[in-house]
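> Got a structure for you, questions after.
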Amino acid sequence: MWEAVQRHRPPGLPGPRTWRSPLRGPWLTAVFGAVLLLALPIVIVTGLLDYIAYGPQFGQALPTDVGWLHLPYFDWPTRPSWLFRLTQGLHVGIGLIIIPVVLAKLWSVMPRLFTWPPARSAAQVIERLSLLLLVGGIVFEIATGVLNIQYDYLFGFSFYTAHYYGAWVFIAGFLMHVAVKLPRMVAGLRSRSLRRELRTSRSDTRPEPLDPDGLVAEDPAPATISRRGALALVGGGSLLVLVLTAGQTVGGVTRRAALLVPRGREVGPGPNGFPVNRTAATAAIDPTATGAAWQLTLTGGPRIVTVDRVTLADMDQHTASLPIACVEGWSTTETWTGVRLRDLAARAGVRNPDSAHVVSLESNGPFRAATLQGNQVLHPDSLLALRVNGADLSLDHGYPARVIVPALPGVHNTKWVHSIEFRS
Ligand SMILES: Nc1nc2c(c(=O)[nH]1)N[C@H]1C(S)=C(S)[C@@H](COP(=O)(O)O)O[C@H]1N2
Ligand SMILES: [Mo]
């Protein structure tokens, strides 16, 4: 029976002689593998940290109930104020620039994905299964991640749920793959000198010696590109992705080069000229509710306190330069002025709030409300901002008042604030 399986290669499955590039081999695969071995742990760790930054202890990290895949929560720090900007910037940024390397790595091991029979031993079955988790996982994570930052919810399921569980599938495959392949990667890297490869032209490019894994072509065609050319092509691809995307986080003139960015290239002039995630119109904010009749309601203390905007503007004003870092990949630092959240807690009669629940004028949806940790409420730069860069907030940026807190994920900086409940 096993003999028969071995002999009967499924028709249409590309055979070993299909793969003729003289570049494929353990060394080239090891080079791509080494780059990914450095980059992927950063993407994994920053992704998991970002989940914690969302405040799973308040049920506001998605998916909310993850069973035993529960991470050890801790209060997300408020210092440095650019912490979330850094973690989400690295996650999205490195996740995007490694795409060419992932594709190159897949290309380099293509013959292995089509070997027949798929496995000869129990160990090989496990190795093949780990490959399925690894390749399936990374393709899924890249696809859902890229679609999310393009605001393109093609798929019918929740991005967050899919990306979270997909991450664990990928992490499992990645760990197994590293455990199995690390020695071969090291041997592969040692088998040739990078410096010499970088000096070898196309005409001098020869295949690597035949290897037991069957990466090296049995029947190689002449080289159409040198190894250094292939590395330059992949590196150039990553550099291009970097140039086309980094501007959305780095800002300044680089923002104009960020062609792959759905938000934030076309920003108006003036103090409110920075990216808007959802406009007041999209959020269906009723303009009359933000006018003179607007009042802020503060609860959690001995009695309900309401203040209008004139009263807020008469309270102690504090100015802080703080970033908004949106999980979809862009970020921007602006100078905000308003009332300290801790002063509002005191006004409500709450001395040491453990948390604060902020509700906006939006009637429903995921952006309606956010809960802040105690350290986020008490930080001296945590504001209910009335102004930005010296001018009143524009309606799109949250007029009459919005939350801005150091190192808080962008989405929790609630705009068009209606009420705050201080909890202790
Ligand atoms: N009420 C409300 N607040 C909100 C949003 C929203 O849609 N509604 N968007 C959030 C998101 S996802 C981000 S990144 C920031 C963006 O702030 P900005 O539009 O002023 O740049 O606001 C956050 N606050
Ligand atoms: Mo956002």
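The values are calculated or read from the model by the stated rules, or taken from the named source; none is laboratory data. A quick note: this is a predicted structure, and the numbers were derived from the prediction, not measured. Please note: Cβ atoms are built from the backbone with ideal geometry, for glycine as well, and neighbour counts cover all protein chains shown. Surface areas here come from the heavy atoms of the whole protein model, side chains and all, with no ligands, DNA or RNA. Shrake-Rupley method; radii C 1.70, N 1.55, O 1.52, S 1.80 Å.
> Which of the residues belonging to segment 327-338 are buried (at least 19 other Cβ atoms within 10 Å of the Cβ) and modelled with pLDDT of 95 or more?
Hits for segment 327-338 are 336, 337, 338.
> What pairs can you find where one residue is in segment 177-193 and within 17 Å of residue 134 (Cα to Cα), the other is open to solvent by less than 60 Å² (accessible area, probe 1.4 Å) and of a type in the set (D, E, K, R), and their Cβ atoms are less than 7 Å apart, with a gap of 6+ or different chains?
180/127
> Can you find a residue that is more than 19 Å from residue 271 (Cβ to Cβ) and without any contact (Cβ under 8 Å) to a residue 60 or more places away in the chain anywhere in segment 396-411?
no
> Name the residues in segment 276-298 that are buried (at least 18 other Cβ atoms within 10 Å of the Cβ) and either in contact with a strand residue (DSSP E or B) (Cβ under 6 Å, 6 or more places away or on another chain) or of a type in the set (Asp, Glu) (or both), would you?
Those that are buried (at least 18 other Cβ atoms within 10 Å of the Cβ) and either in contact with a strand residue (DSSP E or B) (Cβ under 6 Å, 6 or more places away or on another chain) or of a type in the set (Asp, Glu) (or both): 296, 298.
> Tell me, yes or no, whether segment 313-324 has at least one residue that is within 16 Å of ligand 2 (Cβ to nearest atom), touching a helix residue (DSSP H, G or I) at 6+ places or on another chain (Cβ under 7 Å) and of a type outside the set (Phe, Trp, Tyr).
Yes: one or more hits.
> Related question: Can residue 329 be described as within 15 Å of ligand 1 (Cβ to nearest atom), within 36 Å of the chain's Cα centre (by Cα) and more than 21 Å from residue 389 (Cβ to Cβ)?
Values: within 15 Å of ligand 1 (Cβ to nearest atom): yes; within 36 Å of the chain's Cα centre (by Cα): yes; more than 21 Å from residue 389 (Cβ to Cβ): yes.
In short, yes.
> Filter segment 377-387 down to the residues that are touching a His at 6+ places or on another chain (Cβ under 9 Å) and surrounded by fewer than 24 Cβ atoms within 10 Å (Cβ to Cβ), then identify the one that is nearest to residue 270 (Cα to Cα).
Looking at residues that are touching a His at 6+ places or on another chain (Cβ under 9 Å) and surrounded by fewer than 24 Cβ atoms within 10 Å (Cβ to Cβ), I get 381.
> Suppose we filter segment 1-39 for residues that are surrounded by fewer than 22 Cβ atoms within 10 Å (Cβ to Cβ) and assigned to a loop (DSSP other than H, G, I, E, B); how many remain?
Looking only at that region, the number is 13.
> Hey, could you check segment 310-326 for residues that are open to solvent by 40 Å² or more (accessible area, probe 1.4 Å) and assigned to a helix (DSSP H, G or I) and say which is nearest to ligand 1 (Cβ to nearest atom)?
313
> What are the residues in segment 266-304 that are among the small types (Gly, Ala, Ser) and either under 35 Å from the mean Cα position of the chain (by Cα) or within 21 Å of residue 361 (Cβ to Cβ) (or both), if any?
Within segment 266-304, 268, 270, 273, 280, 281, 283, 284, 289, 291, 292, 293, 300 meet the criteria.
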